[in-house]
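Trainee: The structure's right below; bear with me while I get my questions together.
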Amino acid sequence: MHEVTIAGLRERLRARASTRLHEPGTRSAAVLVTLAGADGDLSLVCFERTHEVAEHKGEICFPGGSVELADADAIDAALREAHEELGLPRDQVDVLGTLDDVHTSVSNYVITPVVGHLTHLPALVPDPLEVARPVVVALAELMKPGVEGVEWREWRGVQRKIYYYPVAGGRIWGATARIVHNLLAVWRR
């Protein structure tokens with residue numbers, strides 16, 4: 001595994017200009033890409049969505065959602081949503097920076113991924129309406145050779161490259177997998 005520290009990741013994120021997308025007719029959203037633990041023993045905090053939610057039923061995702069009028073910015077929205085969905089204490093999250101925006105074709109969101117760090121994983125308090133189960137994945141597992149998969153799917157006549165990662169009895173795919181792929185690209189740079 002590439003031995004990049006949280007401090008090194010912060011510097012890499014700050015040294016690069018994240019791509020912000022401004023697609024007409026899209027909705028703005030933000031997710032919190034939470035790394036929990038100490039250098040060398042980091043995990044990503046995700047969850048599997050319930051089948052009661054309006055969109056992306058049963059998918060493994062990062063905590064997040066729409067940027068609301070009351071939110072100061074995408075960072076504020078990501079922290080608010082992570083607290084609402086998993087009980088992550090926003091005052092304990094060290095925001096490291098942002099990754100490139102990701103557009104979701106199906107639900108028509110432009111998602112700003114906010115990367116944060118928690119020195120330890122607190123007891124999670126899942127929102128039962130949105131969270132079927134928390135999914136905490138060791139970063140080292142995602143970085144192993146051959147773990148990342150790629151397939152091609154057609155959407156409205158266009159072939160698209162889809163990343164996926166098998167995890168905890170499911171798989172991360174779609175926009176969440178693109179965010180993981182982008183995080184690992186910055187990590188490995």
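Trainee: Quick query: amide H of T98 versus all other amide H atoms, modeled in the peptide plane; which residues come in under 5 Å with a sequence gap of 5 or more or a different chain?
Mentor: V115
Trainee: When a footprinting reagent is the concern and you count Cβ atoms within 10 Å, what order do V115, V167 take, fewest first? Show your work: numbers first, answer last.
Mentor: Working: V115 26, V167 20.
With the sparsest Cβ surroundings first, the list reads V167, V115.
Trainee: Another question, if that's okay. Test of understanding: ordering E81, E141 by Cβ neighbours within 10 Å, fewest first, what list do you get?
Mentor: Working: E81 27, E141 15.
Ascending number of Cβ neighbours within 10 Å: E141, E81.
Trainee: Now for a separate question. Once you list every other residue whose beta carbon is under 13 Å from the beta carbon of Y165, what net charge do they have if Lys and Arg are +1 and Asp and Glu are -1?
Mentor: Values: positive: K144, R171, R178; negative: E59, E141, E148, E151.
Cβ neighbours under 13 Å give a net charge of -1.
Trainee: For the range 1-79, what value does the Rg/Rh ratio take when both radii are computed over Cα atoms and Rh is the Kirkwood radius, given to two decimals?
Mentor: Using Cα coordinates only, the ratio equals 1.02.
Trainee: Convert each backbone phi in the range 112-122 into a coupling constant with the Karplus relation 6.51 cos²θ - 1.76 cosθ + 1.60 (shift: θ = phi - 60°), then list the ³J(HN,Hα) values in order as whole Hz, x for Gly and Pro.
Mentor: Here the 3J(HN,Hα) series is 9, x, 9, 8, x, 10, 10, 5, 8, 7, x Hz.
Trainee: A follow-up question, please. Given Cα pairs under 8 Å that are at least 6 residues apart, what percent is the relative contact order of the range 139-189? Provide the component values of the computation, followed by the final result.
Mentor: Numbers: 48 pairs, mean separation 12.2, N = 51.
Result for the range 139-189 is 24 percent.
Trainee: Per residue of the range 85-93, what does 6.51 cos²θ - 1.76 cosθ + 1.60 with θ = phi - 60° give for ³J(HN,Hα)? Whole Hz please, x for Gly and Pro, Karplus curve as stated.
Mentor: 7, 10, x, 5, x, 4, 6, 9, 7
Trainee: Under a point-charge model restricted to the Cβ atoms of Lys and Arg (+1) and Asp and Glu (-1), what is the dipole moment magnitude of the range 6-188 relative to its Cα centre, in debye to the nearest 20? The partial results should precede the final answer.
Mentor: Numbers: 19 positive and 25 negative charges, 146 e Å.
Using only the charged Cβ atoms, the result is roughly 700 debye.
Trainee: Something else about it: Considering the options V131, L118, V67, tell which one lies farthest towards the positive end of the dipole of the range 24-141, charges being +1 on Lys and Arg and -1 on Asp and Glu at the Cβ, about the Cα centre.
Mentor: Farthest towards the positive end: V131.
Trainee: Using a 10 angstrom cutoff on alpha carbons, build the Gaussian network for the chain and name the most mobile of G174, G146, G116.
Mentor: G146
Trainee: Here's another thing I want to ask about it. Sequence-distant or interchain residues sharing an amide H contact under 5 Å with T34, placed H: which?
Mentor: When sequence neighbours closer than 5 places are left aside, the close amide H contacts are V45, G116.
Trainee: Do you know the relative contact order of the range 6-188, to the nearest whole percent, from alpha carbon pairs under 8 angstrom that are 6+ apart?
Mentor: Relative contact order, the range 6-188: 26 percent.
Trainee: Using only the Cα atoms of the range 6-188, build the gyration tensor, take square roots of its eigenvalues as a ≥ b ≥ c, and label the shape rounded, prolate or oblate: rounded if a/c is under 1.5, else prolate if a/b is larger than b/c, else oblate. Write down the numbers at each step before the final one.
Mentor: Values: a/c = 1.18, a/b = 1.11, b/c = 1.07.
Cα axes put the range 6-188 in the rounded bin.
Trainee: Continuing with the same structure: So how far apart, in nm, are the two label points at W152 and A70 if each is 7 Å from Cα heading toward Cβ?
Mentor: Here the modelled spin labels are 4.7 nm apart.
Trainee: Further, regarding this structure: Taking the Cα centroid of the range 1-78 and of the range 95-140, what is the distance between the two, rounded to the nearest whole Å?
Mentor: That distance is 5 Å.
Trainee: Let me ask something additional. Taking amide hydrogens as modeled 1.01 Å from N in the peptide plane, which residues meet the under 5 Å criterion relative to V67, leaving out close sequence neighbours?
Mentor: HN-HN under 5 Å from V67: S28, A29, A30.
Coordinate-derived values only; no laboratory data. All values derive from a computational prediction rather than experimental measurement. With ideal geometry, Cβ positions are generated from the backbone for all residues, glycine too; neighbour counts draw on all protein chains shown.
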